[in-house]
Amino acid sequence: MKKSIRLEIMSQRSKLKHREQRSLEISQRCLDQTVVLQSKTILAYVGVRTEVQTTAFISTLLGLGKSVAVPYCQDGQLIPFQLESLNDLTPGMYGIPEPKTDLRQIAGRRVSVDRIETFIVPGVAFDRCGRRLGHGKGYYDRLLQWGSNDAVKIGLAFECQLVPEIPIEHHDIPMDYLVTETAVYNTANNLE
């Protein structure tokens, strides 16, 4: 069932018109959330291909003086990296922009997962209860399990990525918010 949902939603997302404009609308909705404005340390994915694009969002966060971490993959785990500029990034695994290899060696650029107050997470599909379907490799679920219990998890998606229900397994970690181009869904009942 997960495979068929992935295929259907990825097909819909690839046909979606005005993805760039929609991404900007999603970013602005996310930036308007009090929890994001109050967070000092935020981890944000860097959007690729047909995902919600996040470079403008990340640039705005940096401009607001936020400590922004982006993940990179190492030995099957996502490692949070302190981003100082979008110029710190270069195409990595699966073409996903990642921190340049030489910068990863700088000890002060690694961010402890438990310091992250807000996680901005991608997904293939979501439901309005905050359940998330990724690409099936479990990278984000493994990362989120090490986060603080108080950390807020926000999924970014286009409305076409919403489905009635995502089948979940014990290791799947739900989102607290889901932000689309038309709405903010409070899936944890603790956000505005």
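The values are calculated or read from the model by the stated rules, or taken from the named source; none is laboratory data. Quick caveat: nothing in here was measured; it's all calculated off a predicted structure. Cβ: placed from backbone, ideal geometry, glycine included. Neighbour counts: every protein chain shown.
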Anything in segment 75-89 that is in contact (Cβ under 8 Å) with a residue 12 or more places away in the chain and farther than 18 Å from residue 115 by Cβ? List them, or say none. 76, 85, 86, 88, 89
Given the conditions (1) in a helix (DSSP H, G or I); (2) closer than 16 Å to residue 158 by Cα, and given that residue 37 satisfies all but one, which numbered condition is not satisfied? (2)
Does residue 143 fit the bill of being surrounded by 15 or more Cβ atoms within 10 Å (Cβ to Cβ), within 19 Å of residue 81 (Cβ to Cβ), modelled with pLDDT of 95 or more and under 14 Å from the mean Cα position of the chain (by Cα)? yes
Considering only segment 52-79, state which residues are under 24 Å from residue 26 (Cβ atoms), in a strand (DSSP E or B) and out of contact with any helix residue (DSSP H, G or I) (no Cβ under 6 Å at 6 or more places or on another chain). 67, 69, 70, 71, 72
Residue check, residue 117 against (1) out of contact with any Ser or Thr (no Cβ under 7 Å at 6 or more places or on another chain); (2) in contact (Cβ under 8 Å) with a residue 12 or more places away in the chain, all met but one. Which one? (1)
Might you check whether a residue that is surrounded by 20 or more Cβ atoms within 10 Å (Cβ to Cβ) and either among the acidic types (Asp, Glu) or in a loop (DSSP other than H, G, I, E, B) (or both) occurs anywhere in segment 94-102? yes
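Report yes if residue 166 is closer than 18 Å to residue 23 by Cα, in contact (Cβ under 8 Å) with a residue 60 or more places away in the chain and either out of contact with any Lys or Arg (no Cβ under 8 Å at 6 or more places or on another chain) or crowded, with 17+ Cβ neighbours inside 10 Å (or both), otherwise no.
Judged against the criteria, residue 166 is not a match.
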Would you be able to tell me the number of residues in segment 13-55 that are in contact (Cβ under 8 Å) with a residue 60 or more places away in the chain and over 18 Å from residue 179 (Cα atoms)? 2
Select, from 130, 134, 138, 92, the only residue that is free of Cβ contacts under 8 Å to residues at least 24 places away in the same chain, within 25 Å of residue 2 (Cα to Cα) and among the small types (Gly, Ala, Ser). 134
Before we move on, is residue 98 touching a residue at least 12 places away in the same chain (Cβ under 8 Å), among the acidic types (Asp, Glu) and in contact with an Asp or Glu (Cβ under 6 Å, 6 or more places away or on another chain)? no
Which residues, counting only those in segment 109-126, are in a loop (DSSP other than H, G, I, E, B) and either charged (D, E, K, R) or out of contact with any Pro (no Cβ under 9 Å at 6 or more places or on another chain) (or both)? 117, 122, 123, 124
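If you take the residues in segment 169-190 that are surrounded by fewer than 16 Cβ atoms within 10 Å (Cβ to Cβ) and either in contact with a Pro (Cβ under 7 Å, 6 or more places away or on another chain) or part of a loop (DSSP other than H, G, I, E, B) (or both), which one is modelled with the lowest pLDDT?
Kept after step one, since they are surrounded by fewer than 16 Cβ atoms within 10 Å (Cβ to Cβ), are these residues of segment 169-190: 169-171, 182-183, 186, 188-190.
Narrowing further to those that are either in contact with a Pro (Cβ under 7 Å, 6 or more places away or on another chain) or part of a loop (DSSP other than H, G, I, E, B) (or both): 169-171, 182-183, 188-190.
Values: 169: 87, 170: 85, 171: 86, 182: 97, 183: 96, 188: 71, 189: 55, 190: 36.
Only one residue fits best here, namely 190.
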